[in-house]
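Just so you know, all these numbers are worked out from the coordinates, no wet-lab data involved. All values reported here derive from a predicted model rather than from experimental measurement. When we count neighbours, we look across all protein chains shown, and the Cβ atoms used for this are built from the backbone with ideal geometry, even at glycine.
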Amino acid sequence: MSYYYSNGPITTKIITDETFRVHQGFDMALLDDMTMPPSNLLTFEVAGREPFLDFKSTLARKLGYPLNHFRVWVLSASRLSQGYREEVKIIRVSRVVPEDDPELTMDKIRKMGSNTPGLILYVEVLDPEREALPAGPKENQRMVFVKYFDAINQKLDGVGHFYVNRRGSDLKEFVRTRNNLHPNARIDFYKEIGPGETNIRKDFTSGYSEEVRNGDIFCFQVELPDQAIAELRRQKLCVDLEEFYKFLQNRVLITFKPRHDAMATTIQFSLVLSETFTYDQMAQLVSAKLHHEPEKLRFTSSHEGNPQTVILRTSPRSNSWRCSPETITVDKMIRPPGADTSSYSKSKPNNVLFYELLDLPTGEVHRKRMVTVTWTGAQNREEGKYSMLMPTTCSMHEVANKLSTMVQFSKNSSRKIRLFTIQDGKVQTPFTGEELLWTVLDVENIYAAEASTMTMKQYDPSAMLKMLQFVVKLKVDGSNYQQWLKALESVLGMATGKAGILTLPGHTLSPSEDLMIKQAIMASVDDALVLTVLEAESGMVAFAEIQKRYTLKSRSGHIRLMKEILKTKFDLHDRTAEVDAHFRKIDHLAETLFDSGFQLTRESFKGLLFHLSLPELDMPPFLNICKRIDAQPGGATTVSNKQLVKIAQTELAQFRQRRQNTSIGPSKKCAVRARRNSM
């Protein structure tokens, strides 16, 4: 059964030998894998009525290939039975697009790829030294694809495509020749089936027992010596393709965030893990990233991106003392007991874990708990956050007593502390002091103030709305973004007393101030942007989403970030400067660059360096390069270096022409025209 297709543009994705070479996963590319971001493929929005030959010309210009040096194949989706239990969906190259019909449209080609909502194409580059192959492969030939498993580096390398006979008996020799393998090297071949219980199948070295079809994917590995296998086993790594494909089947992308700001390392990063990994395996990988002993790491699960429950290394199987503890796996960390498995998605925010760097092994710390309290002092303003390691059996009164030894009180103070929680800018729960720490949820935001000043000041929404009347509403196209930001930040500065509250780092915001920011943004943006603000977790997150939309996901945003990175230097003469703080600045800027859609490849890195090497980018002749790139379909994420150089050449030529015209006075121009007319 095919999908119903509308009359709108066709989203067309292009797979090339280059994208296949770096692809890590099943099939030819990551398209709808819920565990990982999709492959970075060249994408077009094509009208259904557009002739294929016109599209191929566009594709040739984009890829830089002569028209007769490549041809295009359609990928089709099909379902493959895996016994009586389930079927799996696989996507394979199926048929070449004929080029002898000038009336062939992109909509007709889309219908060749059944069961796919868009259009996925593969570009086969032909050997330029010989004539192009006929419109279809010879009757006894099939085009297959081959991947190589590099066990030492734990990755797949896409070798490319081969034309083989119907049984594939000549594939082994072709692979050996192309990869310059030793004649005596032992090769194990597998056929990739697809995601599921049996995702690959080992084949006979003399040939495959079933007939090979166009688009079949084979994988191979070179047998390793026993010593190398033993070392991989020691590191708990995959030693063969079967193990590696099981890892691919169970992999999931986990984001690790710092639980507290007051730690030596507070970087955010992501790791690809297997859902079957144990707590210890995960801790080892995180330890290598943070350079901290794995035994002194503690992890906390999340719910909708917020810290939830401390994760124990093991969990009891039941309430019976006879049952041994059960080793917890990554799957259980991101999918807590009782979760609705039908609605569970590996790409949802539950794939966030929080980490803490401890001074003691977790076995000793679990009897205690790190408590973080925000101190608001006598003036009800945030003055700092204090963390303390307290026994879980202590009372909140003991927490207050401990805090009193760490904070600074006002003059004539009673030196008594009241503890409370805040939500949406209002006091929710004042603690009596009798509560035990273990009864207080980890997710509670605990605040403290001097007992005599226990009132939460609320801002006046009507006064805020009056001030926002002077802020021009942010348009959907972002054309007045800078004007809007300047006015909004001015209003918020008057309301909070904090200049540059949105753009300058170092501000500590109370929940009421963050709520004020969110409401101010919501009241000053176009109606089409209100939902984005509403869905944000906080006011600053809402601003980050708006900022990302209009400043970062563009070539000008990439260039601005790179300039800021390059000019951020460590001050050797500042005795208070710390190297780790300097690294955090660079790390934050780099993460912002990658979050803005910048993909680091050889091509993009060379292009970025070339762009930055051009003089005075905020003045002619190279002032409009960023605008020209952002105006293209796909914007900064699809520009090639060839296009970049061409844009720069055009801008420079126009600049020189304008300068030449300016230098020639009116009388000289008339003389030139008269001379031309007389010729």
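Points worth noting:
- Difference of contour (0.36 nm per residue) and Cα-Cα distance, residue 226 to residue 303: 23.2 nm
- Convex hull volume of the stretch 461-552 per residue (C-alpha atoms, cubic angstrom): 90 Å³
- The residue 475 and residue 359 beta-carbon pair, evaluated with R₀ = 60 Å, returns a calculated FRET efficiency of approximately 0.70.
- Distance (nanometres) between label positions extended 7 Å along Cα→Cβ at residue 213 and residue 60: 3.2 nm
- Listed residue (389, 431, 445) projecting farthest to the positive dipole end of the stretch 368-453, Cβ model: 389
- In the stretch 209-263, the inverse of the mean reciprocal separation of distinct Cα atoms equals 15.2 Å; this is its Kirkwood hydrodynamic radius.
- With all pairs of separate Cα atoms included, the stretch 558-661 yields a Kirkwood hydrodynamic radius of 15.6 Å.
- Cα-only Debye scattering, the stretch 368-453: base-10 log of I(q)/I(0) at q = 0.11, 0.12, 0.13, 0.18 Å⁻¹: -0.26, -0.31, -0.36, -0.72
- On the beta carbon distance between residue 153 and residue 581, with R0 = 30 Å, the FRET formula returns roughly 0.35.
- As a length-normalised measure over Cα pairs under 8 Å and 6 or more apart, the relative contact order of the stretch 558-661 settles at 25 percent.
- Projecting the Cα atoms of 639, 576, 559 onto the charge dipole of the stretch 558-661 (Cβ charges, centred on the Cα centre) puts 639 farthest toward the positive pole.
- Label-point separation in nm, residue 125 to residue 654, each point 7 Å along Cα→Cβ: 3.2 nm
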